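Laboratory data are not the source of any read-out in this text; all were calculated from the coordinates shown. Bear in mind the structure is a predicted one, so any value in this text is a computation, not a measurement. Because the Cβ atoms are built from the backbone with ideal geometry, glycine has one as well, and the counts that use them run over all protein chains shown.
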Amino acid sequence: MADSPQEHFSRQEAVAQLGRRIRTEVEFSGVPAGTAGIVVRADPAGTQRAYTVGIQWQLDGRQQPLVDWFTKSEYDRFLKEENSMAQEEKKYFITGNTFEVKDQLKELGCRWDAEAGQWYHANRKVAAQAQKLVPAEPEKHIIGQAPYELKERLKELGAKWDQGSSQWYHSDKEAAARAQQMITEAGQRHYLTGNDHDVKEQLWYHTDKEVAARAQAVVDKGPEKHFIQGNCYPFTEQLKAMDCRWDPEAKAWYHFDKEAAARAQELVSKAAGKHYVTEVPYQLNERVKQMGCRWDPEARSWYHSDAAVAEQAQRLVQEHREKTQEPRLNQPKVDLNRAAEIDHGM
């Protein structure tokens, strides 16, 4: 069915239907043919100047009322107005949030229709006067439906859920446009580039463009290298077997896995009898020297023959780095945990 104003009620037509009693000529989901109902709502249809009407069905055994919305063409095709309507009291319903003015409505002689869940008056002019007392509702700029995972983000933008039309909306037109753009972009995948993340035609991606950009920066920096200190030449084949790699720029062996690098370092240190203290900043040179450490010009690192002393010196370096927040000497540290924000999919 075409979604155009010709298929819908105008606002005036929709409001005029309020209070009318109808009966369905066909069966709907949960509504048998011949079920009676009453028009209780007149709501925007999401298209400019287009309205639908909400009909509350009279169903036995239901704790919560069931309301269905109909366009003008659907109303004419599937529903029939009750002939007894002319013999019944004419009800002109007052729409909107009437709670704050209910006492004033009572003073005007308005009555509450428990079945419709709305105030009404039998006199059209009095009903019009009562309608003016109801605070005007803000204009609803329809956003539409959205994936469940965007629910909280839409709320942060100030969007609200319309139970009647089952759509998100915003009272601010520009905010509604931004929300629609967010929903559109959520269906897109922003892929990361780089061989380290391409595995058997599987790619890393994220649906949020900004998060994907941050993740790409992590990929571009590359993983952290844990270097092995000392004379590694005699252990070249063993280091290769441990999956260590050679960095021609740093002229040193390294491993991406910290524990594997520690095992490789232990292999080299035990054979040389040298327990290295890595990445000692210039400010601590005298301190480690006083602890008995010596300088290895070939490895370009401080060391000690006593593993316990070397470990104590290494803790001193770590405490200094945490206190001053100085970067590592070999390479800036890359936080790969940020990649946990990335979705992994085909």
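Partners of K270 within straight-line reach, counting lysines whose Cα lies under 22 Å from its Cα and excluding those fewer than 8 residues away in the same chain: K225, K240, K251, K258, K289.
Between the amide H of D113 and those of Q118, W119, Y120, distances stay under 5 Å, these residues lying 5 or more places away or on another chain, with hydrogens modeled in the peptide plane. Mean projection of the Cα convex hull over all viewing directions, computed for the chain: 29.7 nm².
Taking packing as the residue-averaged number of other Cβ atoms within 10 angstrom, the listed peptides 229-239, 95-105 run from highest to lowest as 229-239, 95-105.
What number, in percent, do you get for the relative contact order of segment 226-336 if the mean sequence gap of Cα pairs under 8 Å and at least 6 apart is divided by its residue count?
Reported relative contact order: 25 percent.
Taking 7 Å steps out from each Cα toward its Cβ at E137 and W112 produces label points 2.0 nm apart. Applying 0.36 nm per residue to the separation of A260 and E174 and subtracting their alpha-carbon distance, the gain on full extension is 25.5 nm. Here's how it looks for D296: its modeled amide H is under 5 Å from those of S301, W302, Y303, which are all 5 or more places away or on a different chain. Once you order the gyration tensor axes a ≥ b ≥ c over the Cα atoms, which shape class does segment 43-150 get: rounded for a/c under 1.5, otherwise prolate or oblate by comparing a/b with b/c? Taking the square roots of the gyration eigenvalues as a ≥ b ≥ c, segment 43-150 is oblate.
Near P32, once Lys and Arg are set to +1 and Asp and Glu to -1 for all other residues with Cβ below 14 Å from its Cβ, the sum equals -2.
So how much slack lies between A186 and E82, counting 0.36 nm per residue of separation and subtracting their Cα-Cα distance, in nm? 32.7 nm is the gain from fully extending A186 to E82.
Quote the FRET efficiency, to the nearest 0.05, computed for D103 versus R11 with a Förster distance R0 of 22 Å and r equal to the Cβ-Cβ distance. Step by step, r from the Cβ atoms, then E = 0.20. Around S305, what is the net charge, scoring Lys/Arg as +1 and Asp/Glu as -1 over all other residues with Cβ under 10 Å from its Cβ? In short, +1. Rounded to whole numbers, the Karplus 3J(HN,Hα) couplings from phi for segment 247-263 are 9, x, 6, 7, 6, 7, 7, 8, 9, 6, 8, 5, 5, 5, 5, 5, 5 Hz, using 6.51 cos²θ - 1.76 cosθ + 1.60 with θ = phi - 60°, and x at Gly and Pro. Taking segment 252-291 and a reference point 7 angstrom along Cα→Cβ of D306, the backbone N atoms nearer than 11 Å belong to 291.
Cross-linked pairs K106/K160; K102/K160; K91/K160; K102/K125; K221/K274; K80/K125: Cα-Cα separations exceed 20 Å for K106/K160; K102/K160; K91/K160; K221/K274; K80/K125.
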